[in-house]
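The values are calculated or read from the model by the stated rules, or taken from the named source; none is laboratory data. If you're wondering where the values come from, they're calculated on a predicted model, not measured in any experiment. Cβ sites come from the backbone with ideal geometry, for glycine too, and all protein chains shown count toward neighbours.
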Amino acid sequence: MKIIKTEIPLPNEVAAALDHLSQNGFKAYIVGGAIRDFLLGKKPHDFDICTSAQPAETLSAFRGYRSYKTGIKHGTITVIINHAPIDITTFRTEGEYTDHRHPDSISFTSSAETDSQRRDFTINAFYYYPEFIYDFHSGLEDLHHRTIRAIGDPYQRFDEDALRILRAIRFSATLDFQIEPGTQSAMLACAHYLNDISEERIESEISRIAASDSFFAIVRKQSAIFETIFQFKDEKWKNDLPLVSSDNAYSNLALLLRSDRISPSRAYDLLHSLKYSSATAEAIRSLLDIDESFTFDELNDHSRFRLLLLETAPLDPEVVIRYIWGRSGSTDRDSLDRTISRLYADPLIDGTPISTRDLKITGNDLKRAGMKPGPEFKNTLEELLLSVNQMRLPNERKAQLAWLKKKLEHN
């Protein structure tokens, strides 16, 4: 074990909880990601406390505070201090994981070192009490070498909780760390256990991984795991992955599914089965529906881009740009950034009407002009929308009223 003397700035309520447990005779530490982030020079968030106090003792120690038995089965009590919820969990050991996600049983312990042995990775197993960090598993060395390493036997860690496989990939993506070879081998061997994990948990991890600008490099390295999750059929799917990623989860996921030559409707069904929201599944289906003949260079043609916005509404235009850039096979990130900057700097884009509701005239104007409500209303407004998006007409009320008057005169 290594001990480092240092001072981590703690929110007042977190420091108060630590002091309160200590004053009542219990060991208590900050544990996990907050310490890792501090050591990496990042601002810590999500301060979790672990303690030698058993749940009933924690409740007794915080008598007079609002508290909730949020995870009492696993030893977690949530205490409200200064309106902030603080999770406090008893040191524990865990039994078998027959479902590859949750322990069948737990036992409380008074030892922080024993508690640390159940955690996932060395860089997440630091314990802190002012003014010392306790490192039981050489996590400091792994931080220095930018390495993700499972604690103890990696096969056992992933057999216990297969979601740790995706957590390892996510940490690798977000921290730009390598995965230690023994840990990587165990991930591949245990990948089939992901079939036992709830779709909601898988979706949450994949979405966070997909937002990384190294997403496709990670997918290539972890292809067997992504094949397990997305049920890819085309053996050549890796050959069609873009060489580089943007940092947008929607466009990256759409490009991943495109590599398997999956149809837009099948992509929607697959994402829905993975518990993605209907809005997300629909957005990715819309991206996959974009005409393959539309090139990245054509985004510089404002008229063509406006028509594309109509076809892909209500998608964020930037997501559309990132998808088409990725689809083009380009590795020039500067060209992507320039295109996004140029398009957003152009007032034509910010003011582009996406639907007839965005036009400056309405059905009431059509009625005042003498038109009767019916299909012709819809056709007229859609014709006007097309004219605006083809830059034949500005999105201004005076110009659109003049256009309507001229159209009715010719009819």
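Looking only at residues in segment 85-104 that are in contact with a helix residue (DSSP H, G or I) (Cβ under 9 Å, 6 or more places away or on another chain) and β-branched (Val, Ile, Thr), the one that is surrounded by the fewest Cβ atoms within 10 Å (Cβ to Cβ) is 93. Filtered by the rule that a residue be among the polar types (S, T, N, Q), outside any helix (DSSP H, G or I) and more than 18 Å from the chain's Cα centre (by Cα), segment 249-285 gives 259, 263. Within segment 121-135, the only residue that satisfies the criterion of being part of a loop (DSSP other than H, G, I, E, B) and surrounded by fewer than 22 Cβ atoms within 10 Å (Cβ to Cβ) is 130.
The condition (being surrounded by fewer than 19 Cβ atoms within 10 Å (Cβ to Cβ) and more than 27 Å from residue 103 (Cα to Cα)) is satisfied by just one residue among 245, 273, 198, 265: 265.
Being assigned by TED's automatic domain parsing to the domain that holds residue 266, exposed (fewer than 15 other Cβ atoms within 10 Å of the Cβ), over 27 Å from residue 210 (Cα atoms) and modelled with pLDDT under 90 is not true of residue 297. Looking across segment 158-185, the residues that are touching a strand residue (DSSP E or B) at 6+ places or on another chain (Cβ under 7 Å), among the hydrophobic types (A, V, I, L, M, F, W, C) and either assigned to a helix (DSSP H, G or I) or more than 15 Å from residue 219 (Cα to Cα) (or both) come down to 168, 171.
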